[in-house]
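Report on the structure given below.
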Amino acid sequence: MTEDMRIEDYLAQGGVLSNPTNVPPRYRAELMKLMASFVDSELAGAAGFADIINQGPGIKERIAAAKIVLEKTDHADKVLRIMGDFGADTDRYATHHPWTARLAREADIGATRGEHDMRLAVFNYPLMGWTDAVTMNLLMGRAACVQMTDFALVSYQPLAEAFRAIAPIEARHAELAEEGIAKLIANGETPAIEASLAYWWPRVAASFGATASAKADSLKAMGLRHIPNAELKTRWEAETRTVLARLGLNAPA
């Protein structure tokens, strides 16, 4: 960045930042929101899945579930450490929020986040047994893969590097979910899977946010977003329909 260039112009032209000391206040606020949403979603997701581990039908399934919980918690830690560079109380953070808190199953909050933390709305809903958890993990795992393509481009370089390291592990989580669904289908669980798909599909879809907003344009100018929500959602729908078709399942209408 040249000395006479405004930092806003630098970011709008694709520039990247690498140190908390040269981050402008508005950029810092939006960056912290992005990181908090990711950390809170990973911790809430891990906490919900942890309660399901012992419902796994076999040792291999329980090991896979435990690994997902461990790795999601580690992903949260990676990003939380970056938040710590901006002054976040990392020691208090993980124990301060009720990560296992959930709404009633029949609740419908759209994309609205709760008052207690910044998790995506989908992580406010409860899992109802092993089949439901694996189905949700399949849909949300595919969503995470799609969202990571945007996160990996974020203009704060240390965070982009963290997301690029996290992306292949999240992709493996989606693969494990697909393997789990295939086993459940072989065991006659197709009706239960279809019921869970109908429940989780609109809730995961809502996690992509509004299709257009002035906020999105502002984030794009700061290099904190690059791909529009509508494009990410469309990509998720197409990729997930392909996975479901491969499994012999239909996506909800």
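The values are calculated or read from the model by the stated rules, or taken from the named source; none is laboratory data. In this text the structure is predicted, and so the values were computed from the model without any measurement. All Cβ positions, even for glycine, are placed from backbone atoms using ideal geometry, and neighbour counts span all protein chains on display. These accessible areas exclude ligands, DNA and RNA; they are computed on the full protein's heavy atoms, side chains included. Shrake-Rupley method; radii C 1.70, N 1.55, O 1.52, S 1.80 Å.
Overview of results
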| read-out | value |
| --- | --- |
| Condition met for MET83 (free of Cβ contacts under 8 Å to residues at least 60 places away in the same chain, buried (at least 16 other Cβ atoms within 10 Å of the Cβ) and closer than 22 Å to GLY209 by Cβ) | yes |
| Of all residues making up the stretch 102-120, the number that are touching a residue at least 24 places away in the same chain (Cβ under 8 Å) and aliphatic (A, V, I, L, M) | 3 |
| When residues of the stretch 1-60 are limited to those that are of a type in the set (S, T, N, Q) and farther than 20 Å from THR95 by Cα, the one modelled with the lowest pLDDT | THR2 |
| Of all residues making up the stretch 86-100, the number that are among the acidic types (Asp, Glu) and in a helix (DSSP H, G or I) | 1 |
| Among the candidates ARG102, ARG92, residue that is basic (Lys, Arg) and in contact with a Pro (Cβ under 9 Å, 6 or more places away or on another chain) | ARG102 |
| Residues (outside any helix (DSSP H, G or I) and open to solvent by less than 60 Å² (accessible area, probe 1.4 Å)) located in the stretch 37-74 | ILE52, GLY56, GLY58 |
| Residue in the stretch 14-25 that is free of Cβ contacts under 8 Å to residues at least 40 places away in the same chain and under 23 Å from HIS173 (Cβ atoms) present | no |
| Subset of the stretch 115-154 [open to solvent by less than 30 Å² (accessible area, probe 1.4 Å) and in a loop (DSSP other than H, G, I, E, B)] | ASP117, ARG119, LEU120, TYR125, PRO126, GLY129, ALA152, VAL154 |
| Conditions (1) closer than 23 Å to ALA177 by Cα; (2) β-branched (Val, Ile, Thr); (3) not in a helix (DSSP H, G or I): number failed by THR112 | (1) |
| Candidates GLY56, GLY45, GLY87 - the one that is more than 23 Å from ALA111 (Cα to Cα), out of contact with any Pro (no Cβ under 9 Å at 6 or more places or on another chain) and of a type in the set (Gly, Ala, Ser) | GLY56 |
| Looking only at the stretch 9-36, and only at residues there that are under 28 Å from MET140 (Cβ atoms) and out of contact with any Asp or Glu (no Cβ under 9 Å at 6 or more places or on another chain), the one that is surrounded by the most Cβ atoms within 10 Å (Cβ to Cβ) | LEU31 |
